[in-house]
1. Which distance in Å, rounded to a whole number, links the C-alpha centroids of the stretch 337-376 and the stretch 693-736?
2. Taking loop as defined by DSSP and a crowding limit of 15 other beta carbons within 10 Å, which GluC sites (Glu not before Pro) in the stretch 37-97 fit?
3. For the stretch 105-363, what does the accessible surface come to per residue with a 1.4 Å probe? Please give it in Å².
4. Counting other C-beta atoms within 10 Å, and keeping those with at most 14, which DSSP coil chymotrypsin sites (Phe, Trp or Tyr not before Pro) do you find in the stretch 177-286?
5. Amide H neighbours of Gly109 under 5 Å, counting only residues 5+ apart in sequence or on other chains, H built in-plane at 1.01 Å?
6. If you rank Asp367, Asp628, Asp524 by how much accessible surface each has, with a 1.4 Å probe, what is the order from largest down?
7. Compute the long axis of helix 297-307 from its Cα atoms, compare it with the longest principal axis of the Cα atoms of the chain, and write down the angle in degrees, 0 to 90, nearest 10.
8. Helix 30-43 versus the longest principal axis of the chain: what is the Cα-based angle in degrees, 0 to 90, to the nearest 10?
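The values are calculated or read from the model by the stated rules, or taken from the named source; none is laboratory data. Remember, predicted model here, so these are calculated numbers, not experimental data. In this analysis, Cβ positions are derived from the backbone assuming ideal geometry, glycine residues included, and neighbour counts consider all displayed protein chains. These accessible areas exclude ligands, DNA and RNA; they are computed on the full protein's heavy atoms, side chains included. Shrake-Rupley method; radii C 1.70, N 1.55, O 1.52, S 1.80 Å.
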Amino acid sequence: MICFSFRRTAVAVMLLAACAALAAPQPPNNQEIERRIDALLRQMTLQEKIGQLVQYNGDTPEAAAQAKAGRVGSLLNATGADRITELQRAAEQSRLKIPLIFGYDVIHGYRTIFPVPLAGAASFDPTLVEQSERVAAKEATAAGVKWTFAPMVDIARDPRWGRIVEGAGEDPYLGSAMAAARVRGFQGTNMADPQSLVACAKHFVGYGAAEGGRDYNSTEIPEDTLREIYLPPFHAAVQAGAGTLMSGFQDLNDVPASANYHTLTEILRKEWHFDGFVVSDYDSIHELVPHGIAADDQQAALQALTAGVEMDMADGLYEKYLAELVQSRKLPMSTVDEAVRRVLRIKFRAGLFERPFYTNAARERSDILTPENRQVARRLAEESLVLLKNDNHLLPLPKNGKRIAVIGPLASDQANQLGSWVGRGQAADVISPLQGIEAQMPQGSVLHARGVDISSLQAQEVSGATGAAPAPTGATGAAAAERENGPATIEGAVQVAQQADVVVMFLGEPAGMTGEASSRAFLDFPGKQEQLLEAVVATGKPVVLVLESGRPLDIRWAAEHVPAIIQAWYPGTEAGNAIADVLFGDASPSGRMPISWPRSVGQIPVYYNHKSTGRPSSNDRWHTGYLDESKEPLFAFGFGLSYTTFSYSNLRVLSPQVTAAGTLRVEATVQNTGQLAGTEVAQLYVHDRVAPRSPRVRELQGFQRVTLQPGESKSVDFTVNAHDLGSFDTNMRWVVPPGTFDVWITPNAAAEGAAGTFQVVAK
Ligand code: BGC
């Protein structure tokens, strides 16, 4: 009852907020914007123009002076209504009074922290993800931020790469749905709304394909793979109206992404007609020198701007060299003007000229970390948990009559629940898993032991310079500190387990081991966690393993010996409540894997939408695979269990023959065949049997969350433009070749589900 009225209040407050947003000022129309830019450009000196292309750190003592002198167009990492107001006032004192745009990494929340983006993708719920970004935008703008360096939309097939945690996983369809949802959430319907952020899709493009999973490493991506796998989420972000993009650090087919004319200009501007601006990644213009394509910083600045990078993040090369380059006629003034135009255009669209002061301390106090915001975080965290295994219906756990031992180094930990890139999230705001479980159990029925420590591994955390996650404050609260006095030895944990009826273990990676510059060669549990797990399982008590990590870990032993496993990622501020909701069955697990889960590192990369090969699957030795390992992942893309079971049947192709310009319509029946209500994610996959270039074995073309009561069945139907089912031919032309296609509506990429075929016909 309490919960119900709380939810109702939350909805009412959200509606009020939505009404307030509707009243937001509209920016000038496009014609008016261009006219005002022309007028400004006529007045601007070369130095003032260059100033608009420069971004520096806003948390330095000299930032205000830089703004006053018109030497910067944007500042990053400055936050807080008072500080932002002070800096904007400084810009107001510059000759032309051009407002600053304040950038910050609001990656999965500002103060209320949502599940990490990979977890958000696991929800397969773009609507809720959009809502979470709306909340993030309201909080961040209240603190003066106007531009987020998000969403990160890099496709990644390699969990060794630490930044896999920041994206939506391996699939371009899911990645595009999430990219568009996040852009819509940040920007709302109007970037000029004081509660809207300008989005920045990053890192354009291919960064997630780093060789060997080593961050910043080179990428080699054939043009068709670039266009079919890596570019679609960026295109979706641009189509959703993203105001900006960030260019990547890495080398792409021998031309670093921050100097890549082909991707930045030919594709982004000429093909997609993007009219916003591109900011470099931190220092990535200077890095053209160590990349070996620029002899010195001046040449690097010339290459980046000419390729299509309008704003220089942090390294100061545009400020240092652009004037000289113009004067020596190496750089046409028209290139500078066009870059300035793009930056100003976004500032106008963001309403900064009309309303440079969009927040104040009172708004900052009232809009941040509200109960409604936390409620959205709780729901998204619930939906992002993936149930991987549940032998003999061990889950959900009963709330009464049993003693639960909560064991593991992450159980009472608050800071690590936030994951990497935590904005201004605070450990002290977080409900730890232990707190969440205790809140739902009778007093005295929860025991706790850490078992082992992983705090020393935090040393690997990336520090402040690039705005990455701040070191944990250690502010775990007095109560948590007390609980942490529980045994931190394996023997102690075993004793605690022995006193309980069931054990719930929280193991994984400290958050500092994921994210930027956090590549790993081994994906096993860091520290002594595996020994702890094995010792606790040896007690014979039923064990539920809750994994907290930014990537799939090597859990071969656990998958065989532990009866129930949940992948919880880093759930954010509401971690403990959401985990408890799922453990006790108040929320039915409905998350699905946004990446294939490798059995072992040696299988990487393993992803579902691979090519068939000439020797596909077979038990025979002379086929693709390994002598010493299965070639199938441990858990397929799209996989996730529920507390009930579902069946798929009766695939109906409503358009058995479709032209390339037509529409495919398919439906199937999904039934809840178990005893509890549950939510299934029905997935549509398609395969072209014969194409000009080897087709992928399956490609996701749709998904739907369906909630069903026990015994209930529903028809799920999908409509797809046949145009989207095509691929590039050998001349890089998009074709939808006539012929037979396979189609499945299934619970995951490896399941048969309900299957059928359709024909693409010439006319
Ligand atoms: C990261 C970007 C981030 C930027 C600004 C860089 O190190 O690669 O993703 O937006 O820093 O903090």
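1. Using only Cα atoms, the two centres lie 37 Å from each other.
2. Working: sites: Glu48, Glu62, Glu86, Glu92; in loops: Glu62.
Sparse-neighbourhood loop GluC sites (Glu not before Pro): Glu62.
3. On the way: 6710 Å² over 259 residues.
I get 26 Å² per residue for the stretch 105-363.
4. Working: sites: Phe186, Phe204, Tyr207, Tyr216, Tyr230, Phe234, Phe249, Tyr261, Trp272, Phe274, Phe277, Tyr282; in loops: Tyr216, Phe249, Trp272, Phe274, Tyr282.
Passing both the DSSP loop test and the Cβ count: Trp272.
5. The list, which skips near neighbours in sequence, is Phe114.
6. Numbers: Asp367 35, Asp628 135, Asp524 70 Å².
Largest accessible area first, the list is Asp628, Asp524, Asp367.
7. Taking Cα atoms only, the helix is inclined about 80 degrees.
8. 50 degrees
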